[in-house]
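Engineer: Right, I'll just put the structure down here and ask away after.
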């Protein structure tokens, strides 16, 4: 009888054991629907995991390069978040992902999701406003450059420092002294230097008309050649090409502080009536400006280098601040492309300010309506 009972018990264990094991293995996990995909609208540096949370427990994010390969821990996540971004991926490599949970019987992993590979995207859909603003700005530039090329007058507000240019040239003419024009120390690859040469052409043309002496000392060989042709062209446009002399535009040295020492020595010896320091400057800016002020010259400076602006503001009579340098270049040269670009920027700023003001008014009006509704309730 005992043997019969043992035999029946063994048969029951054999029949029931698989079902017990299945029930244990199929215990509900705190996540469902795990999926892995390339993060949209990024530069290809991450893969995103997403799942449906059925609980809030910590989980290890596991990753492998094959579905049945060895998985490694790449991060930790809370299941309640429902999302995780893996930023340790390589571009174009396919990965498989799973979430691992600690239970009383050990580690339990979800089914692998993937493959998912990070790739670079063309557009960031969250920045559509930037795309619209770019197209609007592009359209404005094309429109106003076209208008300027057709010879129509575009109004651009004159900067205070520009009014002083004629006065400074006139003062040098009355005193019979020289004008120094320093176009910065950078090469032609610097946009500030190009803008400075446009202003130089206007100043040189004024000196040709009034018969004033001008000298343009240069640090860069390329700027030296461009400045010489600019001054020569200015004298030709003024109708006095015979008054142009090669020594008006000189090349000193490529060394920064040797150049500053040479220019300041000229200022001390010749006592110029006016100094123009317009372009890109660095540590030599204060040396030049202080010496020019000590020599008693009227000084007009302009630069987009923010770190040098305080030195020019404190030592010069007039200073073109930042983008005023480019605006002055467009205003004086009357070049259609430059003038149209400046006008387009002004219109774009006006549109932006109107849009911001409208948004603030709308938000305030909307908030006031909500407050009134809450008060009535």
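The values are calculated or read from the model by the stated rules, or taken from the named source; none is laboratory data. Predicted model, so just to flag it, every value in this text is computed and none were measured. Note that each Cβ is placed from the backbone with ideal geometry, even for glycine, and that neighbours are counted across all protein chains shown.
Engineer: Cβ contacts < 9 Å: first residue on the phi > 0 side of the Ramachandran plot, restricted to segment 204-231; second residue outside any helix (DSSP H, G or I), any location; separation 6+ or different chain. Result?
Structural biologist: Cβ pairs passing all conditions: 211/240.
Engineer: Kindly evaluate residue 45 against the criterion of being at pLDDT below 85, within 18 Å of residue 113 (Cβ to Cβ) and either assigned by TED's automatic domain parsing to the domain that holds residue 109 or touching a helix residue (DSSP H, G or I) at 6+ places or on another chain (Cβ under 8 Å) (or both).
Structural biologist: Numbers: at pLDDT below 85: yes; within 18 Å of residue 113 (Cβ to Cβ): no; either assigned by TED's automatic domain parsing to the domain that holds residue 109 or touching a helix residue (DSSP H, G or I) at 6+ places or on another chain (Cβ under 8 Å) (or both): yes.
Answer is no for this residue.
Engineer: Please verify whether residue 205 is over 29 Å from the mean Cα position of the chain (by Cα) and in a loop (DSSP other than H, G, I, E, B), treating the condition exactly as stated. Spell out the reasoning first.
Structural biologist: Working: over 29 Å from the mean Cα position of the chain (by Cα): yes; in a loop (DSSP other than H, G, I, E, B): no.
Judged against the criteria, residue 205 is not a match.
Engineer: Which of the residues that make up segment 161-186 are surrounded by fewer than 17 Cβ atoms within 10 Å (Cβ to Cβ) and in contact with a helix residue (DSSP H, G or I) (Cβ under 9 Å, 6 or more places away or on another chain)? Explain how you work it out, then say what you get.
Structural biologist: To start, the set of residues in segment 161-186 that are surrounded by fewer than 17 Cβ atoms within 10 Å (Cβ to Cβ) comprises 163, 166-167, 170, 174-176.
Those that are surrounded by fewer than 17 Cβ atoms within 10 Å (Cβ to Cβ) and in contact with a helix residue (DSSP H, G or I) (Cβ under 9 Å, 6 or more places away or on another chain): 166, 170.
Engineer: Let me confirm something: among 145, 132, which residue is farther than 30 Å from residue 48 by Cα and out of contact with any strand residue (DSSP E or B) (no Cβ under 8 Å at 6 or more places or on another chain)?
Structural biologist: Numbers: 132 fails: farther than 30 Å from residue 48 by Cα.
Answer to the selection: 145.
Engineer: Of 325, 352, which residue is in a helix (DSSP H, G or I), surrounded by 16 or more Cβ atoms within 10 Å (Cβ to Cβ) and under 29 Å from the mean Cα position of the chain (by Cα)?
Structural biologist: Answer to the selection: 325.
Engineer: Residue pairs, Cβ under 9 Å, 6 or more apart or interchain, first in segment 265-279 and on the phi > 0 side of the Ramachandran plot, second buried (at least 24 other Cβ atoms within 10 Å of the Cβ) and in a strand (DSSP E or B). List them.
Structural biologist: Correct list of pairs: 279/182; 279/302; 279/303.
Engineer: Output yes when any residue across segment 283-294 is at pLDDT below 90, buried (at least 16 other Cβ atoms within 10 Å of the Cβ), under 19 Å from residue 223 (Cβ atoms) and assigned by TED's automatic domain parsing to the domain that holds residue 159, and no when none is.
Structural biologist: No, every residue in segment 283-294 fails to be at pLDDT below 90, buried (at least 16 other Cβ atoms within 10 Å of the Cβ), under 19 Å from residue 223 (Cβ atoms) and assigned by TED's automatic domain parsing to the domain that holds residue 159.
Engineer: If you don't mind, another one. If residue 301 passes every condition in (1) under 22 Å from residue 191 (Cβ atoms); (2) in contact with a helix residue (DSSP H, G or I) (Cβ under 9 Å, 6 or more places away or on another chain); (3) in a helix (DSSP H, G or I); (4) modelled with pLDDT of 90 or more but one, which one does it miss?
Structural biologist: (3)
Engineer: Answer yes if at least one residue in segment 19-40 is farther than 19 Å from residue 107 by Cα and modelled with pLDDT under 75, and no otherwise.
Structural biologist: Yes, because at least one residue in segment 19-40 is farther than 19 Å from residue 107 by Cα and modelled with pLDDT under 75.
Yes or no, residue by residue, for (1) under 31 Å from the mean Cα position of the chain (by Cα); (2) surrounded by 15 or more Cβ atoms within 10 Å (Cβ to Cβ):
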{"site": "30", "(1), (2)": "no, yes"}
{"site": "42", "(1), (2)": "yes, yes"}
{"site": "60", "(1), (2)": "no, yes"}
{"site": "66", "(1), (2)": "no, no"}
{"site": "82", "(1), (2)": "no, no"}
{"site": "86", "(1), (2)": "yes, yes"}
{"site": "103", "(1), (2)": "no, no"}
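Yes/no per residue for (1) closer than 17 Å to residue 290 by Cβ; (2) crowded, with 24+ Cβ neighbours inside 10 Å; (3) out of contact with any strand residue (DSSP E or B) (no Cβ under 9 Å at 6 or more places or on another chain):
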{"position": "220", "(1), (2), (3)": "no, no, no"}
{"position": "224", "(1), (2), (3)": "no, no, no"}
{"position": "258", "(1), (2), (3)": "no, no, yes"}
{"position": "261", "(1), (2), (3)": "yes, no, yes"}
{"position": "269", "(1), (2), (3)": "yes, no, yes"}
